[in-house]
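Here the structure is laid out as structure tokens; the discussion comes afterwards.
The values are calculated or read from the model by the stated rules, or taken from the named source; none is laboratory data. The shown structure was predicted, so the numbers you read here are calculated from the model rather than taken from an experiment. Using ideal geometry, Cβ is built from the backbone for each residue, glycine included, and neighbour counts are taken over all protein chains shown.
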Amino acid sequence: MRKETFPPATTREIKRIVKTEVQKIKFSAHKDGVYRDPNWKEKISKEALDTLMPEDIDGCREKNLYVFSRGSSNKLLHIIKEKYPAKTIYSSGHFYYPPTGFMGWHTNCGTPDDHLYITYVEKGGESFFRYKEGDRIITSYDEEGLNIRSFSLSGTRPYFWHCVGSNCDRFSFGYRLCDTI
Ligand SMILES: [Fe+2]
């Protein structure tokens, strides 16, 4: 997993777009209904991973999140395309995690591309991206504001096992960076 940075002017532009979108996303999510899962921490623990690992889980089995419209993620597409001109970019994940939100351990082994995630939180240290690296479990906490991470997925074992947890409002805009054929 790598933390990415954009030039300051681009970061400001991303923030401006994201802040507008998150208002709409939160409104839709609460209209449709969000809930709290008191067991969210256990579901993304090391113990949970130990149970799931023999099964090569492509998409997560358990979650507490709200999928928002691809249209919101597409509003950032031109910025991502500018940063990675050699890649073909698809928006691929549009998730709002409410407090106690999570996406359980999984590998995405069916789509082994490079991914970029732009996440936005109003409070730092309450949410994270967690992944397995060798024998270690690494928890990368979000800082207040924008957090930009990229990682490469593997279609073969040992895979890139990862999950997400949040005890605040976390908005996540995801993109697949594919080689242009
Ligand atoms: Fe994933």
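Go through the stretch 104-124 residue by residue and tally those that are small (Gly, Ala, Ser) and away from the ligand (no atom under 16 Å from the Cβ).
Residues flagged as small (Gly, Ala, Ser) and away from the ligand (no atom under 16 Å from the Cβ) within the stretch 104-124 amount to 1.
Mind listing whichever residues of the stretch 71-98 are within 16 Å of the ligand (Cβ to nearest atom) and either assigned to a strand (DSSP E or B) or more than 22 Å from Phe128 (Cα to Cα) (or both)?
Residues satisfying the conditions are Tyr90, Ser91, Ser92, Gly93, His94, Phe95, Tyr96, Tyr97.
For the stretch 111-134, give me each residue that is surrounded by fewer than 13 Cβ atoms within 10 Å (Cβ to Cβ) and touching a helix residue (DSSP H, G or I) at 6+ places or on another chain (Cβ under 6 Å).
Answer for the stretch 111-134, where residues must be surrounded by fewer than 13 Cβ atoms within 10 Å (Cβ to Cβ) and touching a helix residue (DSSP H, G or I) at 6+ places or on another chain (Cβ under 6 Å): there is none.
Can you tell me which residue among Arg157, Arg130 is modelled with pLDDT under 95 and closer than 19 Å to Asp58 by Cβ?
Answer to the selection: Arg157.
Look through the stretch 135-178, keep the residues that are of a type in the set (A, V, I, L, M) and under 24 Å from Ser45 (Cβ atoms), and return whichever of them is surrounded by the fewest Cβ atoms within 10 Å (Cβ to Cβ).
Top of the filtered list is Ile138.
Tell me which residues, restricted to the stretch 107-124, are outside any loop (DSSP other than H, G, I, E, B) and either touching a Cys at 6+ places or on another chain (Cβ under 7 Å) or charged (D, E, K, R) (or both).
Matches in the stretch 107-124: Asp114, Val121.
For the stretch 125-181, please list each of the strands (runs of 3 or more DSSP E) lying entirely inside it that holds at least 1 residues being of a type outside the set (Gly, Ala, Ser) and away from the ligand (no atom under 14 Å from the Cβ).
By residue number, 127-133, 136-141, 145-152, 170-179.
State whether one or more residues within the stretch 49-56 are assigned to a loop (DSSP other than H, G, I, E, B), more than 19 Å from Tyr97 (Cα to Cα), more than 17 Å from the chain's Cα centre (by Cα) and touching a residue at least 24 places away in the same chain (Cβ under 8 Å).
yes
Please work out if Arg36 is over 12 Å from Tyr96 (Cβ atoms), among the basic types (Lys, Arg), outside any helix (DSSP H, G or I) and modelled with pLDDT of 95 or more.
Yes, satisfied.
Tell me whether the stretch 64-78 contains one or more residues that are crowded, with 17+ Cβ neighbours inside 10 Å, of a type in the set (Gly, Ala, Ser), modelled with pLDDT of 95 or more and on the phi < 0 side of the Ramachandran plot.
So far as the stretch 64-78 goes, yes, one or more of its residues are crowded, with 17+ Cβ neighbours inside 10 Å, of a type in the set (Gly, Ala, Ser), modelled with pLDDT of 95 or more and on the phi < 0 side of the Ramachandran plot.
Let me spell it out: the conditions are (1) out of contact with any helix residue (DSSP H, G or I) (no Cβ under 9 Å at 6 or more places or on another chain); (2) surrounded by 12 or more Cβ atoms within 10 Å (Cβ to Cβ), and Val22 meets all of them except one. Which number is the exception?
The one condition Val22 does not meet is (1).
Kindly check whether there is at least one residue in the stretch 143-152 that is without any contact (Cβ under 8 Å) to a residue 40 or more places away in the chain, out of contact with any His (no Cβ under 9 Å at 6 or more places or on another chain) and of a type in the set (D, E, K, R).
Scanning the stretch 143-152 turns up at least one residue that is without any contact (Cβ under 8 Å) to a residue 40 or more places away in the chain, out of contact with any His (no Cβ under 9 Å at 6 or more places or on another chain) and of a type in the set (D, E, K, R).
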